[in-house]
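Derivation of every value follows stated rules applied to the coordinates shown; laboratory data play no part. No experiment lies behind these values; they were computed from the predicted model shown.
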Amino acid sequence: MEGSAPPPPVSAHPRTLSPEAFATLAAICDRILPSDEDPGARELGVADYIDGMLATEDLEPVRQMLGKVFPVLDKESAKKFGGKRFAEIQPAEQDAILETWQSTKTRQKFFDAAISLTMEGAFGDPKYGGNVGGAGFKMMRFSPDPPLKKMQMAPMPPMTNHDHDAHHP
C-alpha cells in the first residue's frame, strides 16, 4: 500500500466526534476495510455510521473509550512519524500502529470494538447511515426484499386443534 494517504474524510456535520476525532476514526475504519476492487469503509460511509451510533446512550462506554484512545493514537503517530496525527500518516504506517494495538491485550477491547463497528457500518441496513447505496450488500451478493414483500408470501394454513395438541402434550 504505497503512495500518499488519501485525504481524511470530512463529514459535513459530525454528530458526536470533533473533526479531528472523526478523521482518526475514518482512517482506522479505512485500514480495517480498505478499498480495493470493492468499496471500502470510506465509500460505504462507515465513519458517518459510527459517528451517528456513538450518539446513542447504549454506546456511551464506547464513545468514552474512543475519547481516550484517539489522542493516544495521535501521540504515538506523532512520536514515530514526524509530528503527524494518525489520520495524516501513510496507510502502511497506520497499519504498523494498529498491528501493535491488535496484539496488545490492554488495547484489544478498542480494536475489537473498531472491527465490530466497522463491519456494522459496512454491511448493516443503510437506513442507519452506513452501507451507502447498499454497496456492502452487493459485495456479499445479498439482495434484501422489502419487508412487506416477505409478508406477502403464501399464507400459512390455519392451525387445527390437532396441530395445537401435537405441540402441547
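If you project the alpha carbons of region 83-144 onto their three principal axes, what span does each projection cover, largest first, in Å?
Cα spread of region 83-144 along its principal axes, largest to smallest: 43, 25, 19 Å.
Please express the Cα-Cα pair-distance distribution P(r) of region 19-144 as a list of whole percents, one per 5 Å bin, running from 0 to the bin with the greatest distance.
Per 5 Å bin, starting at 0, the Cα pair percentages come out as 2, 11, 21, 24, 19, 13, 7, 2, 0, 0.
Provide, for q = 0.30 Å⁻¹, the log10 of I(q)/I(0) from a solvent-free Debye sum over equal Cα point scatterers in region 49-98.
For region 49-98, the Cα-only Debye profile gives -0.99.
Check region 19-144 and count each lysine pair with an alpha-carbon distance under 24 angstrom, considering only pairs eight or more places apart or from different chains.
The number of close lysine pairs in region 19-144 is 13.
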